[in-house]
1. Please give the charge dipole size of the chain, origin at the Cα centre, charges +1 on K and R Cβ atoms and -1 on D and E Cβ atoms. Round to the nearest 20 debye.
2. Helix-only estimate, please: 222 nm mean residue ellipticity of the chain, summing -39500 (n - 2.57) across DSSP H runs of length 4 or more and dividing by its residues, to the nearest 500.
3. Relative contact order of segment 12-76: what whole-number percent is it, with Cα pairs under 8 angstrom and at least 6 residues apart?
4. What's the angle, to the nearest 10 degrees (0 to 90), between helix 49-61's Cα axis and the longest principal axis of the chain?
5. How many percent of all Cα-Cα pairs in the chain sit more than 20 Å apart?
6. State, as an integer percentage, the relative contact order of the chain based on alpha-carbon contacts under 8 Å between residues 6 or more apart.
Amino acid sequence: MISIDSRDPRPLYEQVVDNFRKLIVAGALQADDKLPSVRSLATQLAINPTTIQRAYRELEAQGYVYSSAGRGSFVASSGETNELHRQELLARFDGLVSELEDVGITRDQLMARLKKGGAR
């Protein structure tokens, strides 16, 4: 389900967050599915429970999960997570467009590329 890459330069909590986001967006985890407990996931991944807590807090702050006192963390509704994912992708796209313009690519060139289907 969740894996950690020791060669990945990102902090462990970010890897956990990315793993869960991918599972949620792909539909492998559905709305209201319960996430593993902090302790069980920490044991499974052989990392500190505080790292898992931080990842869960980040997922909640991003709107991918919600927590229920005494019950655990659960996947948020798919409509909300899909919209969050779309907004995240569009923000990355905006940043990329800006960077492309910085290196001399015109908006007309970008539009032509989009119209022909990108790099497919």
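1. Details: 16 positive and 16 negative charges, 61 e Å.
So the magnitude is around 300 debye.
2. Details: 5 runs with 70 residues, N = 120.
Taken over the chain, the calculation gives -19000 deg cm²/dmol.
3. Working: 69 pairs, mean separation 26.0, N = 65.
Reported relative contact order: 40 percent.
4. Value to nearest ten degrees: 50.
5. On the way: 3757 of 7140 pairs.
Tail of P(r) above 20 Å: 53 percent of Cα pairs.
6. Result for the chain is 23 percent.
A short reminder: the numbers here are calculations on the coordinates, not readings from a lab. Everything numeric in this text was worked out from a predicted model, so none of it was measured. Neighbour counts run over all protein chains shown; Cβ positions are idealised from the backbone, glycine included.
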